[in-house]
Amino acid sequence: MLWIKSFHIIFMVTWFSGLFYLPRLFVYHTLATDKISMDRFKIMERKLYFGIATPGAIFTILFGLWLIGLNPHAYMQMAWLHIKLSVVFLLLLYHIYLGLLLHDFKINKNKHGHVFYRILNEIPVIFLVVIVVLAIAKPFGIA
């Protein structure tokens, strides 16, 4: 079980690295003015989203489901896990939204400025804090 949990955490870190960096690339892409830079950002964004963040998300979810599958009856009785899974679902929606924004950049239809992406860049921090606190501290008597 500890091996599965270790890989779950490793892939979670991988996923979050993409979620932290992709909106930052969007900030720089928005500020770019020359075609060479914009083309370079498109490549970097695509590789980060599809090569790092998305596989990280998939394997995080697979290893998490594997952990739950080891003792589903016990785990599904834990309130903190229900809340954590709900937050992970919201994180997955955020990930998909970043993919939609990536597509907008790909087809040169970006609708937002750099300030929007600077704010968007802070959202994964909230997810990370909530998920880690729920998984480790199990606060408010929801264990």
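The values are calculated or read from the model by the stated rules, or taken from the named source; none is laboratory data. Computed from a prediction, not measured in an experiment: that's the story for all the values here. For neighbour counting, all protein chains shown are included, and Cβ atoms are generated from backbone atoms with ideal geometry for every residue, glycine included.
Scan the stretch 82-121 for residues that are of a type outside the set (V, I, T), loosely packed, with under 12 Cβ neighbours inside 10 Å and not in a helix (DSSP H, G or I) and the total you get is 4.
Applying the set (1) under 21 Å from F89 (Cα atoms); (2) more than 19 Å from the chain's Cα centre (by Cα); (3) modelled with pLDDT of 95 or more to A32 leaves exactly one unmet item: (1). D34 passes every criterion in (1) in contact (Cβ under 8 Å) with a residue 12 or more places away in the chain; (2) within 25 Å of F105 (Cα to Cα); (3) surrounded by fewer than 18 Cβ atoms within 10 Å (Cβ to Cβ); (4) of a type outside the set (K, R) apart from (1).
Scanning the stretch 1-29 for residues that are surrounded by fewer than 16 Cβ atoms within 10 Å (Cβ to Cβ) and under 10 Å from the mean Cα position of the chain (by Cα) yields V13, S17. A single entry from I52, I36, I10, I4 fulfils the requirement of being among the aliphatic types (A, V, I, L, M), more than 16 Å from I123 (Cα to Cα), part of a helix (DSSP H, G or I) and in contact with a Ser or Thr (Cβ under 7 Å, 6 or more places away or on another chain): I52.
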